[in-house]
Amino acid sequence: MHRGERVVAIIPARGGSKSVPLKNLHPLGGKPLISWSIDVAKATSSIDRVIVSTDHAKIAEAARAFGAEVAMRPD
């Protein structure tokens, strides 16, 4: 909460990158790239909810595993 208002972090994560497909699942420092954004958002005291918006089931699975909510969107 920030100044009495709820704060939601939305992390967009496409599965269909043209240059590096599924780059959000590629390991960086021993864990998937997407997890770093989720971890920072969850560690920020003013953020109440963390939502990953994605079009890919594997990214959604990883996001849930790291504690984010998931909003599936069309391809």
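Taken over the range 35-75, the criterion of being modelled with pLDDT of 95 or more, outside any strand (DSSP E or B), more than 9 Å from the chain's Cα centre (by Cα) and of a type in the set (Lys, Arg) is satisfied by LYS42, LYS58. If you go through the range 12-38 and keep only what is surrounded by 15 or more Cβ atoms within 10 Å (Cβ to Cβ), touching a residue at least 12 places away in the same chain (Cβ under 8 Å) and under 28 Å from MET1 (Cα atoms), you end up with ALA13, ARG14, ASN24, PRO32, ILE34, SER35, SER37, ILE38.
The values are calculated or read from the model by the stated rules, or taken from the named source; none is laboratory data. Everything numeric in this text was worked out from a predicted model, so none of it was measured. Methodologically, a virtual Cβ is constructed for each residue, glycine included, from the backbone with ideal geometry; neighbour enumeration extends over all protein chains shown.
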